[in-house]
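Read the structure below first, then the notes.
No lab work stands behind these numbers, since they all come straight from the coordinates. Keep in mind it's a predicted model, so treat the numbers as computed, not measured. Please note: Cβ atoms are built from the backbone with ideal geometry, for glycine as well, and neighbour counts cover all protein chains shown.
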Amino acid sequence: MAAIIITKNTELMQRVIDEIKTCFDPEIPVDVWELGLIYELDLNESSDLKVVMTLTSPNCPVAESLPNDIKNKLQLLQGINSCELKLTFEPPWEKDMMSEVAQLELGFM
């Protein structure tokens, strides 16, 4: 499942994605973007960003900290007016949501 991206400012959205790629699940040596944990990015004309993401498991040890770390990084990104992050477990994350890059890195291909 690829993230749904809604925006008119592709340059700023690319910087958002690049920033997300600096965030890692500490148990898996792959960034959250390539893991497929980001379900939706919505950047409106006022540069308000909405992020819908999941975790590999509801019992993930970083369930409290990882979403907040991502939100804090994105709020500090130049050009972002505000950032709202929603954590969801629907649909549940599955290994096939990973990008080919992640699958190669983890030895699934």
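Within the chain, how many Lys pairs sit with Cα atoms under 16 Å apart, leaving out pairs fewer than 8 places apart on the same chain?
On the way: Lys8/Lys50; Lys21/Lys71; Lys21/Lys73; Lys50/Lys71; Lys50/Lys73; Lys50/Lys86; Lys71/Lys86; Lys73/Lys86.
Lysine pairs meeting both conditions in the chain amount to 8.
Ignoring everything except DSSP H segments at least 4 long, calculate the 222 nm mean residue ellipticity for the chain; use -39,500 (n - 2.57) per segment, divide by total residues, nearest 500.
On the way: 4 runs with 32 residues, N = 109.
After summing the helix terms and dividing by the residues of the chain, the value is -8000 deg cm²/dmol.
Search the structure for amide H atoms under 5 Å from the amide H of Leu85, placed 1.01 Å from N in the peptide plane, and list their residues when 5 or more places away or on another chain.
Val51
Take the Cα radius of gyration of the chain and divide it by 2.2 N^0.38 Å, with N its residue count; two decimals is plenty.
1.02
To the nearest 10 degrees, how steeply does helix 10-20 sit against the main Cα axis of the chain, on a 0 to 90 scale?
40
How tilted is helix 65-75 with respect to the longest principal axis of the chain? Cα atoms for both, answer in degrees (0 to 90, nearest 10).
Taking the Cα atoms of the chain, the angle to 65-75 is about 30 degrees.
How about segment 1-98: which chymotrypsin sites (Phe, Trp or Tyr not before Pro) there are in a DSSP loop, with at most 14 other Cβ atoms within 10 Å of their Cβ?
Values: sites: Phe24, Trp33, Tyr39, Phe89, Trp93; in loops: Phe89, Trp93.
Those that pass, being in a loop and sparsely packed, are Phe89.
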